[in-house]
1. Less than 25 Å apart at the alpha-carbon level, and either on another chain or at least 8 residues along: which lysines does that give for B:K182?
2. Can you give the average number of partner chain beta-carbon atoms within 10 Å of each beta-carbon in peptide A:22-31, as a whole number?
3. Can you list the residues of segment B:171-211 with backbone N under 16 Å from a point 7 Å past the Cα of B:R420, pointing along Cα to Cβ?
4. I need B:T398, B:T385 ordered by Cβ neighbour count within 10 Å, fewest first.
5. Within 10 Å of each Cβ in peptide A:11-18, how many partner chain Cβ atoms are there on average? Round it to a whole number, please.
6. Roughly how many nanometres apart are two label points built 7 Å out from the Cα toward the Cβ at A:R125 and A:L158?
7. Can you put A:V160, B:V374, B:V160 in order, fewest other beta carbons within 10 Å first?
8. Quick one: if the Förster radius is 60 Å, what FRET efficiency do B:A201 and A:A308 give, using the C-beta to C-beta distance and rounding to 0.05?
Amino acid sequence: MSLDLTPGAEARRQIEICNACRYCEGFCAVFPAMTRNKAFADGDLTQLANLCHNCRGCYYACQYTEPHEFALNIPAALAEVRVESWERLARPQAFARVFQTQGVAMAGLLVVALAWFFWALTLWRPETGAGFYAHLAHNTLVMIFLPAFVLPLALVALSVRDYWREVGGGRVRLAHLLRAFDQAARMKNLSGGHGEGCNFEEGDRFTHRRRIYHQLMMYGFLLCFAATASGTVMHYALGWEAPYPLLSLPKLFGVPGGLMMVAGALGLGVLKLRADPALGAARVWGGEMAFILLLGGVALTGLALYAATGTGLVGPLLATHLATVMVLFLLMPFSKMVHGFFRLAALVAEAGKGNPLRK
Amino acid sequence: MKDWPGLFDLAVVGGGNAALCAAITAAKAGASVLILEGAPRAYRGGNSRHTRNFRCMHQGPMFPLTGRYEEDEYLDDLMLVTKGKTDESLARLAIRSSEDCLPWMMDHGVRFQPSLSGTLSLSRTNAFFLGGGKALVNAYYNTAADLGIKIAYEAQVQHVHREGDRITHLEVVVAGQPLTVKARAFVLASGGFQADLDWLARAWGPAARNFLIRGTPYNRGVVLRDMLDQGAESVGDPTQCHAVAIDGRAPKYDGGIVTRLDCVPFSIVVNRDGDRFYDEGEDVWPKRYAIWGRLVAAQPDQVGYALIDSKSVDLFMPSVFPAVKADTIEGLAQEMGLDPKAVRRTVDLFNAACRPGPFHPTELDGLRTEGLKVPKTNWAWPLETPPFYGYQLRPGVTFTYLGLKVDARAQVHTPTGPIRNLWAAGEIMAGSILGQGYLAGFGMTIGTVFGRIAGKEAAAHVA
């Protein structure tokens, strides 16, 4: 493999060899999608790359991996194209280049956010208020976090729109959405095709660990999101302000969600340390690991904040928790966080194109 | 020479499908087993790593197989390709046992998938491995490791030492270091000799040096030669190999499946001199690809050139290397190193002999040429729509036929009787059943069935 090749050119070289074999058809959605083409346009490669969940089954099964002269490494080639597509479709692109790659950059931003929140907490301490609203008023929180959530989300939406154009996605029907959400909900593309999971931390052996930890993280995150949403509804619609007791929706969603995220982050981090970095986009390893730690940090500080209710630690823990959440939101378009949006878009686009093997 | 530490119940020579089936079967029966794989770890598995399916008898639908495929039909298919060159009782044994193998394979980690795109014709008869043969090999190595089987890579067996009717030990070079391996029983599953070009050249003639070897470079037949030199009974035509026409730009070794070219039925194929030499449309490609290796091998310089026009370019599976492309026949001939005038003449003659009629790429459409010395009897469409495309064809050797003769217990014989503690499985004995031709997925059937028999017999012998 020569270094002057762009990710796209190298992926195209590999996919054209791969497409003449097709032994891996049953592993995941990538290989049936590949059979639609003989020649691969840039958009085709972008779609295949974002469809790939990096389960690595095709690498370990491949007759043409190094030292064979064809030197195929489909998971890595697609990972490079995938990350490149996130960087290229992000705006501003430079932010994505920095934060996708550099865990240090993310840590740096976190330090800045931490400092800022500690400063804000002393400056804007309200006269009244219970729980953490005694430290930062509800309206102040909303004023800070609403734009920090909505603006990055709008940037992601623009990226996904560009993605849709690039891969030639068609009209979206309900059936396509249902199919895509079903696949994501079960993480079907990490099942290995045989339902025994993927190759990751144990070489060519199949395990469910990555799939389990990923779903712990994903569902944990969604539960925490539901906790925040339910809190918002209770605050505005029902006039019931925080702090909430354990037997209330925000806590019933948030506490298990937080625990699941912590477990998921620990699991994913350990697996990542044990997996072969050469089968992914090696240059963004640091950024990916930092993102896992950040998600774990959001959950851990949230749980700690709850545990510290009524103690003198609430202030510093609140600042820490809010800083991690802020960084997570701000980096949504520029970190691994964006993979969820692109992956879902790829699955919807694929559902729209139909399975070429079942025609 | 140093000894390998310890005495094993069973030493298995080779590290492909048959070797692994034998080793796993014996280990499950309680034997201590050593596998001696000649290749480094990255290339373990011999030709099995290039395979994709297993031909399997079955009385009714059985995942991933559809319909049913019974003993007599299976045997008829075998008789057709071998033209009767088979040991019928061994063939029936392989066929009957195949049904039982499928669940055994799943129990030992092999996973299957529905028949691949472009291979629907095999969905009833052949069970496709999910991920192909290397995935199967990986699964078996994991199973072997879990069973406590010792595995030595880069372990090339040079000599099988026989005393009377017993094998006493093996002389092996392990990663450059000569060693003696002692065991109470031995299974030879080290493949054919198709990667030894000198041997091929002696058997076939010097033209064999231009052949490409589709599979592993490690099947050099060292153990087979050693056994034959010691008077082991042989089977199969020593001068024959199974060769198909593949992309002439393929690597010398190990090109595997992707180097196939399915374009011939929709092409005209010319030789170095620009002349056609065989009916390209005689039958559908799955029934003809096997004879084209031989046809191309018989041409000057062992090379052929398949020429198509843009009407036909999407009618076959993608090729691993892009076709040579030109806007004119002369231009294409020039780019491929052929005489433009000669090719032009051949194409003109061919085009003039084509007749109008319906063209059906997926069936014998009877669209034939008229009046040509070498006719094309189906899919005869004139080459007239630019751009034109060309592929170079060369013979790609898949396997050789010469092997060790075995009985129904997979035991190896000398003229004075069986060798008491020696069995053989896989390509090294496949000539007993497959005397000529090839039946897709049958090599893996022979390897699995006889691997399991050899493992069972060896374990019983040492028990």
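1. B:K2, B:K28, B:K150, B:K405, B:K456
2. On the way: counts 11, 17, 6, 10, 10, 5, 0, 0, 0, 2.
Mean shielding count: 6.
3. Only B:183-186 pass the distance filter.
4. B:T385, B:T398
5. So the per-residue partner count for this stretch is 2.
6. Once both label points are built, they end up 4.0 nm from each other.
7. Neighbour counts put them in this order, fewest first: B:V374, A:V160, B:V160.
8. Once rounded, the FRET efficiency stands at 0.15.
Laboratory data are not the source of any read-out in this text; all were calculated from the coordinates shown. What you see is a predicted model, and the numbers here were worked out from it, not measured in a lab. Cβ coordinates were reconstructed from backbone atoms using ideal geometry, including for glycine residues, and neighbour counts include every protein chain displayed.
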